[in-house]
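The values are calculated or read from the model by the stated rules, or taken from the named source; none is laboratory data. What you are looking at is a predicted structure, and each value in this text was computed from that prediction instead of being measured. So basically every Cβ, Gly included, is an ideal-geometry build from the backbone, and we count neighbours across all protein chains shown. The area values use the complete protein model at the heavy-atom level, side chains included, leaving out ligands, DNA and RNA. Shrake-Rupley method; radii C 1.70, N 1.55, O 1.52, S 1.80 Å.
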Amino acid sequence: MTADEIYRRFPSFIREYIYRNQWQELREPQMQAAEVLFGSNDNLLLSSGTASGKTEAAFFPILADLVDTPPKCEGVSVLYIAPLKSLINDQFERLEALIEEAGIPVFHWHGDVAASQKTKLMKNPRGILQITPESLESMLMRRSNDLPRIFGDLRYVVVDEIHTLISSDRGNQIICQICRLERKLQKSVRRIGLSATIGDLRIAADWLGGGSRRNTQAPVPSPVKLHWRLAMEHFYMQDQAFDQTEDNPCEKPKKKKATLDAGYEFLYDSVKDQKSLVFSNSREETEYTTATLRQIAERRGEPDIFLIHHGDLSASIREDAEMKMKDESVTRAVTCATVTLELGIDIGRLERVAQMGAPTTVSGFLQRLGRSGRRGAPPEMMMVFREESPLPYAPLPQLLPWELLRAIAIVDLYAKERFIEPPRVRHLPFSLAYHQTLSILASSGELTPRALADAVLTLPPFREIPREDYRQLLLAMLENEDIELTEGGGLIIGLKGERLISGFHFFAVFKDSYDYAVRCKSGEIGTITNPPPVGDRFALAGRVWQVTELDMQRRLVYVEKVDGKMKVSWPGDGGEIHTRILEKMREVLFGEEEYPYLMPNAKKRLATARAVAKATEMKNSMLVSLGGSSWVLFPWLGTLPFRTLKRYLKHHAKRFGISDIQSEGCLYITFKGKGDLRATLLREIRRDLDEHTPDLLEFLSESESPVRDKYDDYIPAELLRKEYVADRLGLDEFLTRFGGNP
């Protein structure tokens with residue numbers, strides 16, 4: 001279809017919207033979406049960069065269909081599923097007038113939506129329903145018999161930000177929900193997935209279309225010429241001076257004296273006069289960064305323009321940050337955030353994005369970079385690295401700037417190769433299978449074991465689970481009284497299962513904790529997991545609070561604000577890193593290429609690291625002696641194959657004559673060993689792998705029960721070990737690296 005043909009297919013109110021916004025032409029995503037949705041009955045995976053207009057692209061044809069073919073029966077016509085409440089609250093603001101003009105109502109449904117609004121939908125279901133996976137799970141369980149009425153006219157299911165969902169239980173939960181809803185409605189609904197650029201479109205399209213009777217089209221976005229403003233600077237925490245960048249990170253720096261911390265002072269001056277986002281890789285770092293920037297502002301006698309945004313803060317604090325970032329009359333505002341602002345919330349025009357440390361993925365880097373540079377300006381990012389100054393006698397691994405190397409590798413991989421991590425599909429998600437078993441029984445009532453197995457195992461995420469393994473799961477659930485066997489031989493929810501599904505916590509498949517709400521007078525600040533005693537202090541929302549009262553029964557912590565700054569800790573991990581990033585880090589370390597975005601300190605730090613690497617045997621061998629009986633192995637492998645290697649070494653430690661095996665992330669492994677292992681160890685590993693492919697289950701003891709996902713505590717240990725091998729280890733890359741010539 002030509003652009004003119006597509007334009008003419010749009011109703012007059014959409015053409016008027018295009019005219020009012022002064023669009024000279026339809027963008028590529030809008031053309032691609034219209035061609036699929038107007039020209040076929042297929043599902044659509046629409047993948048393109050941040051701020052490319054994916055929402056409009058998908059909803060222009062959808063709205064055209066709803067207007068051209070009005071509903072013939074009661075019911076919601078479009079179901080929009082988003083992973084974040086803030087996405088639901090924000091996503092349609094740009095289209096609000098357009099949808100209102102079309103006469104199509106939009107309803108929100110999540111935990112923060114008033115009951116009166118939900119009642120309004122239930123009385124007269126129609127239009128567009130925006131919902132979180134957790135609220136949809138609740139609806140499937142508790143309103144099962146009413147689903148045909150609620151969704152009587154359902155034509156489209158739109159899943160947003162699917163690149164964040166594919167590898168997770170939460171994403172697979174959505175696929176289960178869509179399939180269950182289609183079964184209940186007895187029809188196939190068109191699926192539309194919206195995503196940032198994905199490394200392998202075919203994998204993502206297959207995931208989106210799982211269980212669908214429709215083909216899924218995934219148009220390939222055209223290569224985009226890169227136009228970035230990017231800079232990286234490095235600081236030792238002991239530095240007393242820093243380089244000020246003014247407005248342009250590429251201008252010649254000026255030395256200034258640091259009063260608190262050189263790295264944070266540099267960050268402060270990089271963002272203080274602009275509307276900016278400061279990303280960190282953890283809530284801990286986000287809290288500490290916010291507190292430090294506020295402290296610097298106070299010391300300098302400058303206004304506190306610093307906001308904070310992460311998942312443990314109250315809705316009011318998060319919404320305040322979003323509102324100020326969107327408000328065009330606010331010209332100076334800096335929000336320190338985690339992944340919660342990495343996704344597609346429209347926060348208006350930003351001058352700059354800053355990043356503390358290195359992102360863990362190429363896709364994450366692109367998402368964060370894309371938050372700036374909207375409305376025609378190039379994206380701009382400043383990366384700031386802080387590390388302890390290595391002691392003269394520090395071991396080799398501690399002399400290398402791993403985060404700086406990772407950042408350069410991530411930028412280089414995309415800039416030169418357009419590499420983005422491919423989605424990783426899980427094979428044996430037993431925790432989710434447990435959850436969906438209870439959910440299906442709760443919604444359907446008594447089922448025979450065979451009927452229950454058929455209902456669960458035919459859902460796409462569980463098709464690789466053997467029926468015998470599922471039988472073992474059901475037997476464990478019977479033994480634990482999660483389910484019960486009736487006199488007629490059917491299965492129903494058991495006593496313990498009833499208690500489990502009765503609370504709203506059950507609807508979420510990600511690990512959550514029964515947190516304590518933190519309140520200062522009448523205002524809610526956020527949540528914490530472990531409340532300190534009265535009189536103690538803790539950090540939250542970028543400030544320090546002193547506990548004045550504890551209400552353990554109601555899980556409330558009353559506080560008052562005090563001056564100061566503290567570290568804070570949340571449970572969690574750093575995510576998975578792809579092998580290609582580690583391999584590129586090696587190329588950066590041993591190469592000679594100069595990177596124009598490195599500022600003076602960072603350039604000097606890379607040169608120092610290269611000199612250290614050149615002075616050792618790192619380039620010639622993965623295995624390097626640290627002196628005496630200490631050794632270090634640099635395998636340059638991503639998280640999964642690295643984990644496999646470490647377990648392999650521990651399993652064969654006695655045979656190889658090594659001990660005290662330790663690791664740092666997926667960067668290196670240290671151990672003790674006698675003699676010249678450099679001449680023997682890698683050769684022995686290669687010989688062993690050439691002779692037979694290892695059985696990864698051998699690397700786990702029979703007593704080991706690797707608990708990671710929310711309901712793993714309810715899963716038999718044998719099944720958890722199988723899942724760990726299938727989804728947490730990476731045999732192929734391990735064999736490729738060590739089975740051949742090292």
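No other residue among Ala97, Ala114 is open to solvent by 10 Å² or more (accessible area, probe 1.4 Å), among the aliphatic types (A, V, I, L, M) and in contact with a helix residue (DSSP H, G or I) (Cβ under 9 Å, 6 or more places away or on another chain) apart from Ala97. Scan the range 351-368 and tell me whether some residue there is modelled with pLDDT under 85 and out of contact with any Lys or Arg (no Cβ under 9 Å at 6 or more places or on another chain). Looking for residues that are modelled with pLDDT under 85 and out of contact with any Lys or Arg (no Cβ under 9 Å at 6 or more places or on another chain), one finds none in the range 351-368, hence no.
Within the range 707-725, the set of residues being closer than 19 Å to Cys666 by Cα and crowded, with 17+ Cβ neighbours inside 10 Å comprises Tyr724, Val725. Within the range 412-422, identify whether any single residue is more than 21 Å from Gly638 (Cα to Cα) and crowded, with 23+ Cβ neighbours inside 10 Å, and answer yes or no. So far as the range 412-422 goes, no, none of its residues is more than 21 Å from Gly638 (Cα to Cα) and crowded, with 23+ Cβ neighbours inside 10 Å. Of the residues making up the range 294-306, just one is within 16 Å of Ile317 (Cβ to Cβ) and either part of a helix (DSSP H, G or I) or more than 30 Å from the chain's Cα centre (by Cα) (or both), namely Arg294. Taking the range 450-468 as the range and being more than 28 Å from the chain's Cα centre (by Cα) and buried (at least 20 other Cβ atoms within 10 Å of the Cβ) as the test, the residues that pass are Leu452, Ala453. In this structure, is Thr335 assigned to a loop (DSSP other than H, G, I, E, B) and among the hydroxyl-bearing types (Ser, Thr, Tyr)? Here the answer is no, as Thr335 does not meet what is asked. Being among the hydroxyl-bearing types (Ser, Thr, Tyr) and more than 23 Å from Ile178 (Cβ to Cβ) holds for only one residue in Ser12, Ser77, and it is Ser12. Just one of the numbered conditions (1) touching a Pro at 6+ places or on another chain (Cβ under 8 Å); (2) surrounded by 14 or more Cβ atoms within 10 Å (Cβ to Cβ) is not true of Lys603: (1). When Ser329, Ser316 are checked against the criterion of being free of Cβ contacts under 8 Å to residues at least 12 places away in the same chain and open to solvent by 60 Å² or more (accessible area, probe 1.4 Å), Ser329 stands alone in meeting it. Within the range 486-507, residues that are among the charged types (D, E, K, R) have Cβ atoms under 7 Å from residues that are open to solvent by less than 30 Å² (accessible area, probe 1.4 Å) in these pairs: Lys496/Asp482, counting only partners at least 6 apart in sequence or on another chain.
Among the residues of the range 690-713, the ones that are touching a Ser or Thr at 6+ places or on another chain (Cβ under 8 Å), part of a helix (DSSP H, G or I) and farther than 17 Å from His652 by Cβ come to 1 in all. In this structure, does Lys120 turn out to be modelled with pLDDT under 95, in a helix (DSSP H, G or I) and not β-branched (Val, Ile, Thr)? So Lys120 passes the test. Exactly one residue among Arg149, Arg214 is open to solvent by 20 Å² or more (accessible area, probe 1.4 Å), assigned to a helix (DSSP H, G or I) and more than 20 Å from Phe507 (Cα to Cα), and that residue is Arg149. Consider Arg202 carefully, then state whether it is out of contact with any Asp or Glu (no Cβ under 6 Å at 6 or more places or on another chain), within 29 Å of Pro148 (Cβ to Cβ) and not aromatic (Phe, Trp, Tyr). It is false that Arg202 is out of contact with any Asp or Glu (no Cβ under 6 Å at 6 or more places or on another chain), within 29 Å of Pro148 (Cβ to Cβ) and not aromatic (Phe, Trp, Tyr). Selection of the range 391-411 for residues being open to solvent by less than 40 Å² (accessible area, probe 1.4 Å) and at pLDDT below 85 yields an empty set. Of the residues that sit in the range 285-299 and are closer than 15 Å to Asp269 by Cα, of a type outside the set (Gly, Ala, Ser) and touching a residue at least 24 places away in the same chain (Cβ under 8 Å), which one is most open to solvent (accessible area, probe 1.4 Å)? This residue is Arg299. Within the range 465-482, if we keep just the residues that are touching a residue at least 40 places away in the same chain (Cβ under 8 Å) and of a type in the set (Asp, Glu), the residue that is farthest from Leu208 (Cα to Cα) turns out to be Asp482.
For Arg27, state whether it is modelled with pLDDT under 95 and surrounded by 13 or more Cβ atoms within 10 Å (Cβ to Cβ). When the stated conditions are applied, Arg27 passes them. Within the range 647-677, track down each residue that is more than 37 Å from the chain's Cα centre (by Cα) and either in a helix (DSSP H, G or I) or on the phi > 0 side of the Ramachandran plot (or both). Of everything in the range 647-677, those that are more than 37 Å from the chain's Cα centre (by Cα) and either in a helix (DSSP H, G or I) or on the phi > 0 side of the Ramachandran plot (or both) turn out to be Lys654, Arg655, Phe656, Gly657, Gly675, Leu677. Can you spot a residue in the range 186-205 that is open to solvent by less than 40 Å² (accessible area, probe 1.4 Å), charged (D, E, K, R), under 20 Å from Leu140 (Cβ atoms) and in a helix (DSSP H, G or I)? Within the range 186-205, none of the residues are open to solvent by less than 40 Å² (accessible area, probe 1.4 Å), charged (D, E, K, R), under 20 Å from Leu140 (Cβ atoms) and in a helix (DSSP H, G or I). Within the option set Met383, Met325, being modelled with pLDDT of 80 or more, in a strand (DSSP E or B) and not β-branched (Val, Ile, Thr) holds for one residue only, Met383. Checked against (1) in contact (Cβ under 8 Å) with a residue 12 or more places away in the chain; (2) open to solvent by 40 Å² or more (accessible area, probe 1.4 Å); (3) not in a loop (DSSP other than H, G, I, E, B), Arg687 meets all criteria but (1).
For the range 279-302, a residue qualifies if it is of a type in the set (Phe, Trp, Tyr) and touching a strand residue (DSSP E or B) at 6+ places or on another chain (Cβ under 6 Å), and exactly one does: Phe279.
In the range 714-742, which residue that is part of a helix (DSSP H, G or I) and small (Gly, Ala, Ser) is nearest to Gln472 (Cα to Cα)? Looking at the filtered set, the residue picked out is Ala717.
Residues that are in contact (Cβ under 8 Å) with a residue 40 or more places away in the chain and either among the small types (Gly, Ala, Ser) or at negative phi (or both) do occur in the range 22-31.
Residue by residue, here is whether (1) touching a His at 6+ places or on another chain (Cβ under 6 Å); (2) closer than 21 Å to Ile62 by Cα holds:
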{"site": "Ile99", "(1), (2)": "no, yes"}
{"site": "Ala102", "(1), (2)": "no, yes"}
{"site": "His108", "(1), (2)": "no, yes"}
{"site": "Gly127", "(1), (2)": "no, yes"}
{"site": "Gln130", "(1), (2)": "yes, yes"}
{"site": "Asp146", "(1), (2)": "no, no"}
{"site": "Tyr156", "(1), (2)": "no, yes"}
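Inspect the range 697-706 for any residue being under 19 Å from Arg426 (Cα atoms), buried (at least 17 other Cβ atoms within 10 Å of the Cβ) and either among the hydrophobic types (A, V, I, L, M, F, W, C) or out of contact with any Leu (no Cβ under 7 Å at 6 or more places or on another chain) (or both) and give the result as yes or no. The answer is no, given that none of the residues of the range 697-706 is under 19 Å from Arg426 (Cα atoms), buried (at least 17 other Cβ atoms within 10 Å of the Cβ) and either among the hydrophobic types (A, V, I, L, M, F, W, C) or out of contact with any Leu (no Cβ under 7 Å at 6 or more places or on another chain) (or both). One residue alone among Ile501, Ile493, Ile525, Ile483 is open to solvent by less than 40 Å² (accessible area, probe 1.4 Å), closer than 30 Å to Asp563 by Cβ and not small (Gly, Ala, Ser), and that residue is Ile525. The residues of the range 613-671 that are of a type in the set (Lys, Arg) and in contact with a strand residue (DSSP E or B) (Cβ under 8 Å, 6 or more places away or on another chain), listed by number, are Lys646, Lys650.
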